[in-house]
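Step one of this worksheet: look at the structure below.
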Amino acid sequence: MRELTHYIAVTLDGFIAGPDGQFDAFLYGGDHMAALGARFPDAFPTAYAEAIGLTQDRALFDTVLMGWNTYAVGLPTLTSPYRHLRQVVFTHREAEPVEGVEFADEDPVPVVRRLKAEAGSGIWLCGGGALAAQLAGEIDRLVLKVHPVLFGDGIPLFGRSGYAPEAFTRTASTAFDSGVTLLEFRRSSSVRLRTPTPASRDR
């Protein structure tokens, strides 16, 4: 079965963007960029990859999932940012048809389960926080590009509420001279952790 990987940049204080969607404070230069291009070429926008001569063979990901705000970053000029991939955008908006982009106005969980059952390579969850929260139970791998910055406020990595622990196991950690750290995790279990009772919290 195909896996869903949430691969995303995040700040030290857990934000993927500022309050108004700002992301310019992330580091776009440094030794981490070449390493990420080698490891995750399919996760670069198609036009950027073409400009720097990066080969995208869809071996790692062949499908990308986005919420509307993530997709809208490139609008109105960039309507198909990852045209080398199957692009699925979850939104309740009435969107004009775009070649190579599927707009889905439905619960993302059954959509992802259908995608996982299909043939192909991996599925990349690109963002944002609200969509990640809805799909938290479906994420198989979590790959965080942790940047050495604090935002103080903004869009959290998982825009969810309520205490519902889910366990992941760290599989790799790579620190770059730029200050970025790549943290990789795999879901430990499909069963959520048991919420501790007051009597067990101090054990």
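The values are calculated or read from the model by the stated rules, or taken from the named source; none is laboratory data. Keep in mind that this is a model prediction, so the values were computed, not measured. Neighbour counts are summed over all protein chains in view; Cβ atoms, including those assigned to glycine, are modelled from backbone coordinates with ideal geometry. Heavy atoms of the whole protein, side chains included, go into the accessibility calculation; ligands, DNA and RNA do not. Shrake-Rupley method; radii C 1.70, N 1.55, O 1.52, S 1.80 Å.
Dividing the alpha-carbon radius of gyration of the chain by the rule-of-thumb value 2.2 N^0.38 Å gives 1.05.
For A9, the amide hydrogen comes within under 5 Å of the amide hydrogens of K145, counting only partners 5 or more places away or on other chains and with H modelled in the peptide plane. The fraction of all Cα pairs in region 33-82 landing in successive 10 Å bins from 0 to the largest distance is 24, 50, 25, 0, given as whole percents.
Extension gain for the segment T181 to L150, taken as residue separation times 0.36 nm less the Cα-Cα distance, is 9.7 nm to one decimal. When a 1.4 Å probe is rolled over the protein heavy atoms, the share of accessible surface on the chain that falls to carbon and sulfur comes to 53 percent.
If R0 is 30 Å, the Cβ-Cβ spacing of R170 and R93 corresponds to a FRET efficiency of close to 0.20. If both residues of a DSSP beta bridge must be in the chain, then about 40% of such bridges are antiparallel.
Note on surface exposure: R114, R160 rank R114, R160 by accessible area, highest first, 1.4 Å probe. Stretching the chain fully between M33 and T55 yields a gain of 6.5 nm (0.36 nm per residue, less the alpha carbon separation).
Accessible area of E96 (1.4 Å probe, protein heavy atoms only, ligands and nucleic acids ignored): about 140 Å². Rounded to the nearest 5, the antiparallel percentage of DSSP beta bridges internal to region 64-132 is 10%.
Around the amide H of A104, modelled in the peptide plane, lie the amide H atoms of V89, F90, T91, all under 5 Å away and 5 or more residues distant in sequence or on another chain.
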